[in-house]
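Beneath this line is the structure, given in structure tokens, with notes to follow.
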Amino acid sequence: MEFIFWENILCHLQSSFIRELAGSSGVKVTLVVDQAMTDDRLAQGWSVPEFGETKIIISPDLEQVRNIIDQSAPEAIHVLNGYRCVPLLEVVLREMLTRNRRFGLLSEPGQLAGLKGFVGKAMYWTHCWRFWHRFDYILAMGLSGVNWFHGRGYPSAKLYPFAYVTESFPEMPFSETAGPTKIVFVGQCIRRKGLDLALRALGELRDLNWTLNVIGDGPLRVDLERLSEKCAIGERVSFLGTKPNEEVVEIIGSADLFILPSRSDGWGAVVNEALMRGVPVVCSDRCGAKDLVREEWRGQAFRAGSVPELRAALKARITHGVLQACERERIRQWSQCVQGRSVADYFLAIMRHVYLNEPRPETPWL
């Protein structure tokens with residue numbers, strides 16, 4: 001089978017899955033991107049990942065786009081990672097629609113609330129009316145993504161839950177040292193990520209034994225540092241700034257709990273990284289990755305924006321104390337279902353279902 005992925009950048013949130021796919025027997029993979037990496041992602045500590053046997057094409061012009069499509073086999077399957085607001089992908093969609101090629105969409109859900117949500121819903125109803133019969137499939141990020149597209153008119157038969165897939169790293173030895181419950185947050189210091197909610201919740205848990213490492217930067221960092229002081233927890237909260245991804249994963253791996261209190265997050269790939277290190281996660285129900293914490297031994301989701309619910313979730317986890325090695329290993333072993341090889345096999349099973357009428361596959365992490 002031949003697959004051509006059209007994406008914005010060379011992103012580590014898909015590299016392990018695409019690399020494993022390209023290494024599969026009888027599979028040929030091409031990855032075409034608008035640019036190698038954006039400046040803002042580099043500033044966040046991202047780097048260009050390894051894609052193995054994948055053929056990579058960067059910044060093609062219109063003639064090159066047409067040549068890539070025309071020179072691919074007629075039965076080749078194209079995957080558009082989004083198509084709105086990325087010039088390359090908007091061009092590719094137009095070319096696909098005029099060339100009668102096999103293609104589908106890989107996408108996060110759109111805006112859920114407010115004026116943007118209302119306008120977005122209207123726009124996607126229009127897109128649905130125009131395009132739904134042309135998409136062969138939609139790989140939607142999480143069950144929330146599936147529900148979002150279905151709520152805008154896309155037929156459920158074409159919708160498949162999907163996930164971002166982070167790189168795996170060498171195993172780290174587990175330690176059970178006594179001390180405070182170590183909590184980690186990784187993300188931009190912006191309102192959407194909800195760190196202010198966590199600081200307020202932890203401010204009401206000052207009588208418990210915990211520490212918080214904050215990895216990331218952004219326009220609200222100073223305000224968040226001030227908030228931690230206002231909540232009388234400044235001495236327990238360490239703002240570490242931006243770190244390379246390898247160092248981030250090491251810090252996560254030494255923690256007892258990872259938090260992602262986002263008001264909205266299409267997925268939240270740091271949840272994957274925490275679970276792969278054997279660390280349970282508390283995240284909001286507006287994170288697509290909440291699908292990965294459906295059982296309490298892996299973590300839990302709370303209602304987005306609710307400080308009382310977040311406080312209760314944190315209190316339970318802090319009271320539990322330092323993680324045992326067996327608890328970490330159970331989580332780490334489970335996380336293999338959302339790593340590169342497993343997701344590549346799931347993707348191939350979806351394609352065989354769509355194009356070869358094989359049975360619809362079950363999602364391995366649900």
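Since every read-out is calculated from the coordinates, none of them should be taken as a lab result. This is a predicted model, so every value here is computed, not measured. With ideal geometry, Cβ positions are generated from the backbone for all residues, glycine too; neighbour counts draw on all protein chains shown.
The residue list I190, I215, I233, I183 contains one member that is touching a Pro at 6+ places or on another chain (Cβ under 8 Å) and β-branched (V, I, T), which is I190. Filtered by the rule that a residue be in a loop (DSSP other than H, G, I, E, B) and out of contact with any helix residue (DSSP H, G or I) (no Cβ under 9 Å at 6 or more places or on another chain), the stretch 15-43 gives S25, G26, A36, M37, T38.
Residue count for the stretch 70-102, restricted to those that are touching a strand residue (DSSP E or B) at 6+ places or on another chain (Cβ under 8 Å) and either closer than 20 Å to S24 by Cα or touching a residue at least 40 places away in the same chain (Cβ under 8 Å) (or both): 14.
Of all the listed residues (E358, E362), the sole one being touching a helix residue (DSSP H, G or I) at 6+ places or on another chain (Cβ under 8 Å), among the acidic types (D, E) and assigned to a loop (DSSP other than H, G, I, E, B) is E358. Residues in the stretch 312-347 that are surrounded by 18 or more Cβ atoms within 10 Å (Cβ to Cβ), more than 17 Å from the chain's Cα centre (by Cα) and part of a helix (DSSP H, G or I): A313, L314, R317, I318, E327, R328, I331, R332. Looking at the stretch 198-304, the helices (runs of 4 or more DSSP H) lying wholly inside it that each contain 3 or more residues that are in contact (Cβ under 8 Å) with a residue 40 or more places away in the chain and among the hydrophobic types (A, V, I, L, M, F, W, C) sit at 245-253, 270-276.
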